[in-house]
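Since the structure comes first, as structure tokens, the remarks are kept for the end.
The values are calculated or read from the model by the stated rules, or taken from the named source; none is laboratory data. No experiment lies behind these values; they were computed from the predicted model shown. Cβ placement follows ideal geometry from the backbone for every residue including glycine, while neighbour counts extend to all protein chains displayed.
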Amino acid sequence: MSPQPLAITIMVITLMLGLLGILYFHRRGGDGMWLRQILVADFVVSYPISGLVHVWPLSTDRGYYDAIAGGVPGATTGLVRAAVACLLAELTLMIALAAFARPPATRGRPVWAWAQRDRVLASLMGAALASAAGFALLRVMRHASALNAERVVEVPPGEARYVFLASWFPWAVTLLALVITSRRTTPASTVWNALVLTGAMGGVFFSFAWSGGRAETMVYGIPIIALLLPRLKVLRAPYAIGGAILGALFIMSKTLARTKDFEVWGLLDWQWGRFSMVAWADDYARTFGYVGGETLANGYLNVPWAIAHFVGLAPPMEGVRSIVQLSGSAFVGDTEKTHIVPGMVSELYINFGLPGVIVGHVILGVVASLVADWFRDAAGEMEKVLAAYLGSVILFETVVAQSGAFLPYAIQSGLPLWGFWLIERARRRAATRDHDTSSISDRTLLRS
């Protein structure tokens, strides 16, 4: 069998297995935020569906790398090897997601709501963060409007600190939304919760209007959706359907703003899809050799190395290339152009080949399972927000992203959430200790 039909056959098998995996995790349930099935669905769209669209071929816009170009389609490219890499990645991901799932720690345990117990403190912290981050956001938006561009991917060095601070604005919105919907006596009405959720999502969309980003709005929006959507009760299903439709229209509008010749097949092929990048990774590795973990070291050590450099314990990281520097050099001849993101399978493949793809997706499955079960068993409201945020980072900053995206989102952009969680944890332990002490004192008094 020639490479092209064989690659298509493998991708059809990968697609069918992925759909079965989504159904299995949906029927199994148990994590509270559908992280496992959504992660598998993300992979299915990004690789087997992307591959079928690319190899068939259905897309007229071939993206940065055409894997079937040449006199004989597929004869000089790694179509089959790319398809096998996607199949192995999907299988190991689903096995790890299933194998490392834990049973619920407790059933029916109420969630401790810091925004309800400490309304004044939570309100003040939310307002303070909103003021600081809002000032930075307005400054960044003025800079973006001066560029008159649909999407801003680079800012001057002096503005980077304001971009960093502006990324915290959604957490101020989230905290204030939880305060507004939390009441000490009677629960807030369903309509009121729906209005607050709508306003909060509007604030999230507003936060990233300047960047033109599509994934960012979902990364920051999922936590507040995960917390407030269950409170909508009878409005939950229609609100979720309407929100999904509006979200899809938003993504399409942003995509149309970026390119004049938008087509759905192109979106599936290379704008969101990543299969052609796996074929490029195979081509690169066969030509120049595997990079042996170089881009992974750049991605995952960048944040701790930057901290060590900031306190004077390490020199600047130099000479270690990132995956986007490799792709920028390959496609546009400039390592400073870092907007071409090959995706997780491609990066693992270009570093270690198929063994790297397998090990990397086992690790992803384990981490995703831990986060999903943490969200389900979280004892506090801010703990749930933090777990939901890490789940959204896993969804949008792993499968289709690069190694250098995960830690900056999880640690730097999520820093206020880590702080809120620690405050809630301390307050919850203090409240529990005071409750236990008072109960012991009451029992002692009664016995005497």
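Tally up the residues in segment 337-369 that are aliphatic (A, V, I, L, M) and either in contact with a strand residue (DSSP E or B) (Cβ under 8 Å, 6 or more places away or on another chain) or modelled with pLDDT under 95 (or both), please.
Taking segment 337-369 and keeping what is aliphatic (A, V, I, L, M), we get 340-341, 344-345, 348, 350, 354, 357-359, 362-364, 366-368.
Retained after the next criterion (residues that are either in contact with a strand residue (DSSP E or B) (Cβ under 8 Å, 6 or more places away or on another chain) or modelled with pLDDT under 95 (or both)): 340-341.
Qualifying residue count for the region: 2.
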What is the number of the single condition among (1) assigned to a helix (DSSP H, G or I); (2) farther than 14 Å from Ala82 by Cβ that Ala279 does not meet? (2)
Within segment 323-362, can you find the residues that are part of a helix (DSSP H, G or I) and basic (Lys, Arg)? none
Among the residues of segment 214-242, which ones are within 18 Å of Ala133 (Cα to Cα) and either part of a loop (DSSP other than H, G, I, E, B) or of a type in the set (Ser, Thr, Tyr) (or both)? Thr217, Tyr220
Which residue pairs have Cβ atoms under 6 Å apart, sit 6 or more places apart or on different chains, and have a first residue in segment 80-98 that is of a type in the set (Lys, Arg) and a second that is buried (at least 19 other Cβ atoms within 10 Å of the Cβ)? Arg81/Asp282
Can you tell me which residues in segment 322-355 are in contact (Cβ under 8 Å) with a residue 24 or more places away in the chain and small (Gly, Ala, Ser)? Ser322, Ser327, Ala330, Gly343, Ser346, Gly353
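Just checking, how many residues over segment 251-276 are among the aromatic types (Phe, Trp, Tyr) and either modelled with pLDDT of 90 or more or in a loop (DSSP other than H, G, I, E, B) (or both)? Show your work before the answer.
Step one: list which residues in segment 251-276 are among the aromatic types (Phe, Trp, Tyr), which gives 262, 265, 270, 272, 275.
After this cut, where a residue has to be either modelled with pLDDT of 90 or more or in a loop (DSSP other than H, G, I, E, B) (or both) as well, the list is 262, 272, 275.
Summing the residues that are among the aromatic types (Phe, Trp, Tyr) and either modelled with pLDDT of 90 or more or in a loop (DSSP other than H, G, I, E, B) (or both) in segment 251-276 gives 3.
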From the residues in segment 199-219 that are of a type in the set (S, T, N, Q) and within 22 Å of Ala146 (Cα to Cα), which one is modelled with the highest pLDDT? Ser207
Quick count over segment 386-419, residues being touching a helix residue (DSSP H, G or I) at 6+ places or on another chain (Cβ under 7 Å), closer than 27 Å to Ser131 by Cβ, aliphatic (A, V, I, L, M) and surrounded by fewer than 21 Cβ atoms within 10 Å (Cβ to Cβ), is 2
With respect to Gly319, is the statement that it is without any contact (Cβ under 8 Å) to a residue 60 or more places away in the chain and part of a loop (DSSP other than H, G, I, E, B) true? yes
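Considering only segment 174-190, I want to know if a residue exists there that is among the aliphatic types (A, V, I, L, M), at pLDDT below 80, exposed (fewer than 14 other Cβ atoms within 10 Å of the Cβ) and assigned to a loop (DSSP other than H, G, I, E, B). Spell out how you get there, then give the answer.
The first filter runs over segment 174-190 and keeps only residues among the aliphatic types (A, V, I, L, M), leaving 175-180, 188.
Checking which are at pLDDT below 80 leaves us with 188.
Next cut, exposed (fewer than 14 other Cβ atoms within 10 Å of the Cβ) only: none.
Within segment 174-190 (the criterion being among the aliphatic types (A, V, I, L, M), at pLDDT below 80, exposed (fewer than 14 other Cβ atoms within 10 Å of the Cβ) and assigned to a loop (DSSP other than H, G, I, E, B)), the answer is no, since none of the residues qualifies.
Within segment 313-324, identify whether any single residue is more than 21 Å from the chain's Cα centre (by Cα), under 20 Å from Val80 (Cβ atoms) and either at pLDDT 90 or above or β-branched (Val, Ile, Thr) (or both), and answer yes or no. It would help to see each step written out before you state the result.
In the first step, residues of segment 313-324 are kept if they are more than 21 Å from the chain's Cα centre (by Cα); the result is 313-321.
Among the residues that remain, those that are also under 20 Å from Val80 (Cβ atoms) are: none.
No.
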For segment 285-312, which residues satisfy the criterion of being farther than 24 Å from Glu397 by Cβ and either within 26 Å of the chain's Cα centre (by Cα) or hydroxyl-bearing (Ser, Thr, Tyr) (or both)? Thr287
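Filter segment 399-426 down to residues that are small (Gly, Ala, Ser) and in contact with a Ser or Thr (Cβ under 6 Å, 6 or more places away or on another chain) and give me whichever is farthest from Ser346 (Cα to Cα). Walk me through how you get there before you give the answer.
Filtering segment 399-426 for residues small (Gly, Ala, Ser) gives 401, 403-405, 410, 413-414, 419, 426.
With the extra rule that they be in contact with a Ser or Thr (Cβ under 6 Å, 6 or more places away or on another chain), the set shrinks to 404, 413.
Values: Gly404: 14, Ser413: 25 Å.
Within segment 399-426, the match that is farthest from Ser346 (Cα to Cα) is Ser413.
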